[in-house]
Amino acid sequence: MNPYITTSLFDLFKIGPGPSSSHTIGPMKAGYHFLKECMGLSRDILVRAHRVHVRLFGSLSATGAGHGTDVAVLAGILGISPESCPPGLLESLAAEPDREHTVDLGEGRAFIGLKDVEHGPVIHDYPYSNTLVVELVDQSGQVLHEKEYYSVGGGFVQWKGWEAPVLGEPVHKYRNMTELRSIVREKGLNLYEIILDNETAITGCPRTKIIGELNTILDRMEESVRRGIDRDGLLPGPLKVQRKAGMLWQRASCLPDGPDRFLTKLNAYAFATAEENASGGVIVTAPTCGAAGVMPAIVYAMRHDLFIGDRAIREGFLAAAAVGFIAKHNASIAGAEVGCQGEIGVASAMAAAMLADARGNRSRYTENAAEVALEHHLGITCDPVQGYVQIPCIERNAMGAVKAYNASVITAGTDPYAQKVSLDAAIAAMAETGREMSCKFKETSLGGLAVSMVAC
Ligand code: SF4
């Protein structure tokens with residue numbers, strides 16, 4: 001395994017439906033992969049195809065209902081990939097729980113409904129907690145094709161026998177911020193140049209294509225903010241959580257220009273995307289679905305309130321990616337592994353780096369802004385009430401955006417070399433805290449607010 005960072009930008013920033021990268025986007029990808037694999041089976045097998053069954057295990061089974069896992073895997077099997085998923089599709093599939101769907105297999109066809117997605121044991125012997133097993137069966141129930149998938153976090157999916165794809169070697173080799181800082185100093189490059197060079201080398205994609213896709217991601221973030229602000233009513237699920245983004249936006253419009261107006265708007269932007277995520281709307285993982293509201297809030301504010309140009313925003317976005325890569329490589333960005341510090345904490349650090357960089361600060365300021373934002377999220381657990389990515393997740397996105405803004409303000413006004421804590425130290429602290437954190441505080445809804453709110 002390559003010891004250096006080889007994560008692609010488009011592995012970190014994925015367009016797809018919320019509310020969870022591991023519980024929604026991952027299972028959707030698994031369903032889509034299964035469909036494509038079945039379509040490659042021989043005609044003799046396909047003409048016997050009758051039904052598709054899915055079994056969910058571990059945390060997919062425990063909190064899958066609240067995360068839209070059932071409808072996401074169904075959509076994937078019906079040929080919808082996360083990036084092609086129209087807004088509102090998962091909601092419409094969930095609204096028809098008894099509907100029979102036809103799976104077009106090319107040379108054959110099969111049927112599936114939501115009742116074919118079963119919830120298996122939470123404790124099991126598969127190598128990953130978030131496991132799903134998909135089967136194509138004939139009319140007598142005989143299995144024609146079966147696959148064991150693992151949703152390993154951040155929307156990444158592996159399967160039994162999976163082998164890591166062969167990637168190109170990064171041009172600039174680094175494992176952490178200390179090494180990245182040395183590259184900046186020795187080669188006289190900016191963070192965005194390093195990330196772009198590596199992306200081209202790792203994926204083989206030309207720069208122009210990468211920049212085009214980055215622009216698409218930024219536009220999708222903006223769209224998710226706009227959609228969220230325009231919607232009102234209750235979020236799906238038993239908690240009856242009222243959407244607040246539109247109300248915050250209206251309140252901001254009534255305030256005079258000043259700090260309260262700006263802060264209220266920033267909160268509205270973060271609520272908007274987080275509420276879209278919670279309702280199964282299309283968002284960008286940044287770095288995960290649960291934390292998808294933090295970066296769009298800062299992107300939207302940079303475009304519409306701070307009047308920062310698109311090029312500077314794109315360069316800041318690449319600096320944010322560096323922070324996400326380093327956190328993923330040296331700790332984790334999955335709530336199931338390190339709690340919410342790895343989701344909202346890392347998102348806040350990325351957003352702080354983006355803003356600091358886009359405002360023209362040197363890379364040392366950018367690193368410090370990321371460090372300050374992450375440091376003040378250390379120890380935060382993952383405790384979504386009843387497994388829905390709503391409480392505390394939505395407000396936590398707004399707090400992450402505000403802390404990101406404040407981190408960039410604090411660091412821009414101080415000597416960057418006087419900063420005592422490095423980003424690498426904060427990430428190491430997050431990894432250790434995550435390792436020691438009890439399982440019940442890691443995406444199982446068995447601890448924290450998930451329990452105390454219900455018990456009180
Ligand atoms: S509490 Fe944090 S880590 Fe857990 S689901 Fe919500 S946003 Fe994700």
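Here is how the numbers come out for the structure above:
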read-out: The one condition in (1) touching a residue at least 24 places away in the same chain (Cβ under 8 Å); (2) of a type in the set (G, A, S); (3) under 30 Å from S61 (Cβ atoms); (4) surrounded by fewer than 23 Cβ atoms within 10 Å (Cβ to Cβ) that S438 fails to fulfil; value: (1)
read-out: Any hit, the range 319-334, residues being in contact with a Pro (Cβ under 6 Å, 6 or more places away or on another chain) and farther than 25 Å from R435 by Cα; value: no
read-out: Selected residue [within 25 Å of G448 (Cβ to Cβ), open to solvent by less than 10 Å² (accessible area, probe 1.4 Å) and within 13 Å of the ligand (Cβ to nearest atom)] from C340, C289; value: C289
read-out: Hits in the range 136-171 (condition: part of a loop (DSSP other than H, G, I, E, B), among the acidic types (D, E) and within 23 Å of the chain's Cα centre (by Cα)); value: E163
read-out: Test: G316 is buried (at least 24 other Cβ atoms within 10 Å of the Cβ), touching a residue at least 12 places away in the same chain (Cβ under 8 Å) and away from the ligand (no atom under 16 Å from the Cβ); value: yes
read-out: Selection count, the range 136-170, where residues are buried (at least 16 other Cβ atoms within 10 Å of the Cβ) and closer than 30 Å to D197 by Cβ; value: 8
read-out: Members of the range 367-393 found to be assigned to a helix (DSSP H, G or I) and open to solvent by less than 10 Å² (accessible area, probe 1.4 Å), listed by number; value: E367, N368, A369, A370, E371, A373, L374, V385, G387
read-out: Selected residue (criterion: farthest from the ligand (Cβ to nearest atom)) from residues of the range 343-387 that are of a type in the set (K, R) and out of contact with any Lys or Arg (no Cβ under 8 Å at 6 or more places or on another chain); value: R362
read-out: Residue that is surrounded by 12 or more Cβ atoms within 10 Å (Cβ to Cβ) and in contact with a Leu (Cβ under 6 Å, 6 or more places away or on another chain), where the choices are E199, E222, E179; value: E199
read-out: Failed condition for V133, given (1) open to solvent by 40 Å² or more (accessible area, probe 1.4 Å); (2) in a strand (DSSP E or B); (3) of a type in the set (A, V, I, L, M); value: (1)
read-out: Entirely in the range 221-337, the helices (runs of 4 or more DSSP H) that have 2 or more residues that are in contact with a Lys or Arg (Cβ under 6 Å, 6 or more places away or on another chain); value: 259-278
read-out: Check on Y174, aromatic (F, W, Y), open to solvent by less than 30 Å² (accessible area, probe 1.4 Å) and over 22 Å from the mean Cα position of the chain (by Cα); value: yes
read-out: In the range 320-337, the residues that are open to solvent by 10 Å² or more (accessible area, probe 1.4 Å) and either within 9 Å of the ligand (Cβ to nearest atom) or outside the structural domain of E443 (by TED's automatic domain parsing) (or both); value: A334, A336
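The values are calculated or read from the model by the stated rules, or taken from the named source; none is laboratory data. Given the structure is predicted, the values throughout are model-derived calculations rather than measurements. Methodologically, a virtual Cβ is constructed for each residue, glycine included, from the backbone with ideal geometry; neighbour enumeration extends over all protein chains shown. Keep in mind that these areas ignore ligands, DNA and RNA; they rest on the heavy atoms of the full protein, side chains included. Shrake-Rupley method; radii C 1.70, N 1.55, O 1.52, S 1.80 Å.
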